[in-house]
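Data block below; observations after.
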């Protein structure tokens with residue numbers, strides 16, 4: 001595991017590790033109203049999964065040719081994806097380990113970015129740890145390609161700690 005300190009300006013390129021996915025079928029778990037798929041065009045058959053309906057924003061998915069599925073990561077049984085993305089959603093789920101396990105079953109490669117070691121509070125049901133993420137990936141027979149943790153700092157001289165994060169990329 002490698003530790004890294006990341007500043008706000010380096011956020012996207014350093015943490016998300018998103019490649020050109022134009023020809024890849026991607027599952028974005030916990031996509032939210034503005035999935036990364038909307039910013040990084042993926043192949044036909046890509047799916048944006050979230051249990052919430054985002055009203056008028058749903059039209060963006062249709063216009064981009066992305067299938068929008070309203071459902072939970074714990075219940076998702078799709079498969080045949082090149083990649084599954086889990087970005088900053090596990091703390092909102094009922095069973096984070098099951099969400100990760102379902103993503104590992106559904107895709108050849110899983111990319112995870114999560115804030116870690118934050119105690120539960122309103123709307124955040126679980127303290128996410130690297131171990132909680134890693135175990136279902138390993139149990140699915142996946143192997144790590146990248147795994148690192150670090151801190152995000154902002155403000156003058158990067159003096160304000162925003163939080164700790166974990167990025168993991170595992171493949172079958």
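The values are calculated or read from the model by the stated rules, or taken from the named source; none is laboratory data. On a predicted model such as this, the values are computed, not experimentally measured, just so you know. Cβ atoms come from the backbone with ideal geometry, glycine included; neighbour counts cover every protein chain shown.
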(request) Within region 53-96, track down each residue that is out of contact with any helix residue (DSSP H, G or I) (no Cβ under 7 Å at 6 or more places or on another chain) and assigned to a helix (DSSP H, G or I). (result) 55, 56, 57, 58, 59, 61, 62, 63, 91, 92
(request) Identify, by number, the condition in (1) closer than 24 Å to residue 45 by Cβ; (2) buried (at least 21 other Cβ atoms within 10 Å of the Cβ) that residue 171 doesn't meet. (result) (2)
(request) Please find, among 161, 138, the residue that is surrounded by fewer than 16 Cβ atoms within 10 Å (Cβ to Cβ) and part of a helix (DSSP H, G or I). (result) 138
(message) Out of the residues in region 32-50 meeting the condition of being under 15 Å from the mean Cα position of the chain (by Cα), free of Cβ contacts under 8 Å to residues at least 40 places away in the same chain and assigned to a loop (DSSP other than H, G, I, E, B), tell me which one is nearest to residue 105 (Cα to Cα).
(response) 46
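Being without any contact (Cβ under 8 Å) to a residue 40 or more places away in the chain, touching a strand residue (DSSP E or B) at 6+ places or on another chain (Cβ under 9 Å) and more than 21 Å from residue 146 (Cβ to Cβ) is the requirement here; does residue 53 meet it?
yes
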(message) Given (1) under 20 Å from residue 149 (Cβ atoms); (2) modelled with pLDDT of 90 or more; (3) surrounded by fewer than 21 Cβ atoms within 10 Å (Cβ to Cβ), identify the lone condition not met by residue 96.
(response) (3)
(message) I want to confirm something. Restricting to region 115-135 and keeping residues that are in a strand (DSSP E or B) and surrounded by 13 or more Cβ atoms within 10 Å (Cβ to Cβ), which single residue is modelled with the highest pLDDT?
(response) 116
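Taking the stated definitions as given, is residue 78 closer than 19 Å to residue 111 by Cβ and surrounded by 20 or more Cβ atoms within 10 Å (Cβ to Cβ)?
Values: closer than 19 Å to residue 111 by Cβ: yes; surrounded by 20 or more Cβ atoms within 10 Å (Cβ to Cβ): no.
When the stated conditions are applied, residue 78 does not pass them.
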(message) Can you confirm whether residue 112 is within 25 Å of residue 172 (Cα to Cα), part of a strand (DSSP E or B) and free of Cβ contacts under 8 Å to residues at least 60 places away in the same chain?
(response) yes
